[in-house]
Amino acid sequence: MAVNSVPSPSTGRRPVSWGTPLTYALALAVAAVSIAPVIYVVIGGFRTTRQIVANPAGLPDPFVFDNYVRVLTQSNFWRQAFNSAVISLGTTLAVVVLGLAAAFVLARYSFRGREGLYTFFTLGLLFPAGAAILPLYLMLRDLSLINSYYAVILPQVAFSLPLTIVILRPFLSAIPRELEDAAAIDGASRLGFLWRIAMPLSRPALVTVGVLAFVASWNSFLLPLLVLSDVNLHTLPLGVQNFSSQYSTDTAGVLAFTSLAMLPALLFFTLAEKQIVGGLQGAVKG
Amino acid sequence: MTSANQIRMPAGGASASPAGPDGAGRASARRAETRRKWYEIIGLTTPAVVIYVMFVLVPMGFAVYYSLFRWRGVGPPTEFVGLRNYTLAFQDPIFLDALRNNAIIVFGSLLIQGPIALGIALLLNRRFRGRAVFRLLVFVPYVLAEVTVGIMWKLLLTGNGTVDALLRSLGMGGLVHAWLADLDLVIWTLLAVLTWKYVGFAIILLLAGLSNVPDELTEAAAIDGASWWQIQRHVTIPLLGPTIRIWMFLSMIGSLQIFDMIWVTSVPAVRSLGASATMATYMVDNGFFARLWGYGNAVAVILFVISFVAALLFQRFLLRRDIQGAITGRAK
């Protein structure tokens, strides 16, 4: 296979060209495998269960909107979306604030034990959240936090902190000393420097860790499964699972509920794709 | 290293602190400044340290303690049994099945997702119109919640469901299987679904790594007459080493803990026979739902030790140079 275009020395930048047909064929095949099941679920929501049973792989004939309407009006969908939003936003906010404060100290203050403290946090990368779930449940029970938003938020914040600090610290370290000196001459304290200069400058990194924490929290299942037995506090992943086992004969309804539950994550990802990829890029570089 | 990030007084004493002209005043001002610095250090780090210690480190400590008891979770544990819960676990064929399944998922993910992801990432790293859209579509499975994806595939793979209907309509009726009910097949079905879900993650990482490969290198190779494939083989892929190792690490840790997808996709009866159990589902089934808290915590400790040792070995032998300063501290 030939290189599509040799760069012309004068421009130095390759023009975006049309790829070869083979490139498109492969890319299309990959994309189809990735999203065909998702499209099937969304379209399946527009059929009746009877249609689906008669021909599982068919198209809607006729289109019915009843499933989506039913899920949106009669189920706990909105309640669960609200709970998911509260928990994810709470987690994200706390992770970003606490992570930034700790990473700022680890990046810009020099004191004895600094590297020790950093290693102490990075150790958390080796503590899988899944393994700690049973003792975590027992502890939250003893603290009377079961069936509260905190039961999900606090552990999620704790387990997100190590990665957050690992990503934020290099960003904060990279801010030139001169900026800090200039701020000091203008009368800013170190905290003023954090608030007025370091925070705005590290906004891309903050968005990245925020997006990562939000997505992880929005999709989380095991922790809410154990600590949120109260149906009114259920999040969307719990809702999807409950709906699918409660109405297992209503295949079309389950498909509709599942596609509606996918929608927020897809929208969010489309908007934040650059940050997610950019953030992982930073993490890969170290 | 330390001095580079050090907080110093600006040169020339033009600081905001009210230092007097005489030496004694300056010294006391410096002491006040040092004290203030420590207040800030403690004030800014304490919330993170407290939450981290309380919800990450302390629970694992308690798990070790609880695992030494036979305990139904009511009142304080009293019936000390030593290491019996651990020996019981390793004598339970279901747990050994779970271990085997975790091993299948760890190695299956690495061996199947790695080459696929590398191929797709190299493809999507080529410059062509519409590339951004293709990238977005390929990431879709990774973004969706494991639970949602699990329910979706459960519906698709159910007996006489969509996948079977599709196979029949394509004249491949002979391939129809009891995907999720066949005890010998179910773990491979789940591995396939996991591959579909997580290959996008490997692709994101690899594309991020590819964007760090300087254009000058590939362009120089192109000018020297190297074909596209030669450039990938001899320039690009070798430079991806660190990214590939980090992906392997994350994939391995994730595979050892895998829970959500297995839990919602596989039928409980199949899981309880061990055919589709993993360490995490086994732990939750026994510890939380069967209320064998002491036993469940022992399984938690086993899961933790296996993940921890695997992570440390990986760090020690493969990752050392890739994550600067993280975990090993001195890697540079």
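Given Cα positions, please report Rg to Rh for the range B:92-319, the hydrodynamic radius being the Kirkwood one.
Ratio of gyration radius to Kirkwood radius for the range B:92-319: 1.04.
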Measuring from the longest principal axis of the C-alpha atoms of chain B, the long axis of helix B:293-314 (C-alpha) lies at a number of degrees, nearest 10, equal to 70 degrees
Using label points projected 7 Å from each Cα along Cα→Cβ, tell me how many nm separate B:A29 and A:Q246, to one decimal. 6.8 nm
For a quick check: sort A:V33, B:V301 by the number of other beta carbons within 10 angstrom, fewest at the front. A:V33, B:V301
Hand me the trypsin sites (Lys or Arg not before Pro) from the range A:94-148 located in a DSSP loop with no more than 15 other Cβ atoms within 10 Å, in residue order please. A:R112
For B:D184, the net charge from surrounding residues (Cβ-Cβ under 14 Å; K, R +1; D, E -1) works out to -1
Report, to the nearest 10°, how far helix B:93-108 tilts away from the longest principal axis of the Cα atoms in chain B, using its own Cα long axis and a range of 0 to 90°. 70 degrees
Expressed as an acute angle from 0 to 90° and rounded to the nearest 10, what is the orientation of the C-alpha long axis of helix B:186-211 relative to the principal long axis of chain B? 40 degrees
Put a dot 7 Å past each Cα toward the Cβ at B:R70 and B:L312; how far apart are the dots in nm? 3.2 nm
So what are the ³J(HN,Hα) numbers for the range B:114-125, from phi and the Karplus equation (6.51, -1.76, 1.60; θ = phi - 60°), rounded to whole Hz, Gly and Pro as x? x, x, 4, 5, 5, x, 5, 5, 4, 4, 7, 8
Ascending count of other beta-carbon atoms within 10 Å, so fewest first, for B:K154, B:K37, A:K274: A:K274, B:K37, B:K154
B:F69 long-range amide H proximity, modeled H, under 5 Å: B:V81
Taking 30 Å as R0, compute the FRET efficiency from the Cβ-Cβ separation of B:N160 and A:A85 and round it to 0.05. 0.20
Given axes a ≥ b ≥ c from the Cα gyration tensor, I'd like to know whether chain A is rounded (a/c under 1.5), prolate (a/b larger than b/c) or oblate. oblate
What FRET efficiency comes out for B:F90 versus B:A269 if R0 is 30 angstrom and r is the Cβ-Cβ distance? Round to the nearest 0.05. 0.80
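Give the shape of the protein assembly as shown as rounded, prolate or oblate, defined through the alpha-carbon gyration tensor: a ≥ b ≥ c are the square roots of its eigenvalues, a/c under 1.5 means rounded, and otherwise the shape is prolate if a/b is larger than b/c and oblate if not.
Values: a/c = 1.83, a/b = 1.25, b/c = 1.46.
Here the protein assembly as shown falls in the oblate category.
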Residue separation between B:W188 and B:I223 times 0.36 nm, minus their alpha-carbon distance, gives in nm 8.0 nm
Cβ density ranking, 10 Å radius, fewest first, applied to A:E115, A:E178 yields A:E178, A:E115
Note down the net charge around A:L106, summing +1 for each Lys or Arg and -1 for each Asp or Glu among other residues with Cβ under 15 Å from its Cβ. +4
Two pseudo-spin positions, 7 Å from Cα along C-beta at B:R129 and at B:I42, lie apart in nanometres by 6.5 nm
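Every number here is computed from the coordinates shown, using simple stated rules; none is lab data. Computed from a prediction, not measured in an experiment: that's the story for all the values here. Because the Cβ atoms are built from the backbone with ideal geometry, glycine has one as well, and the counts that use them run over all protein chains shown.
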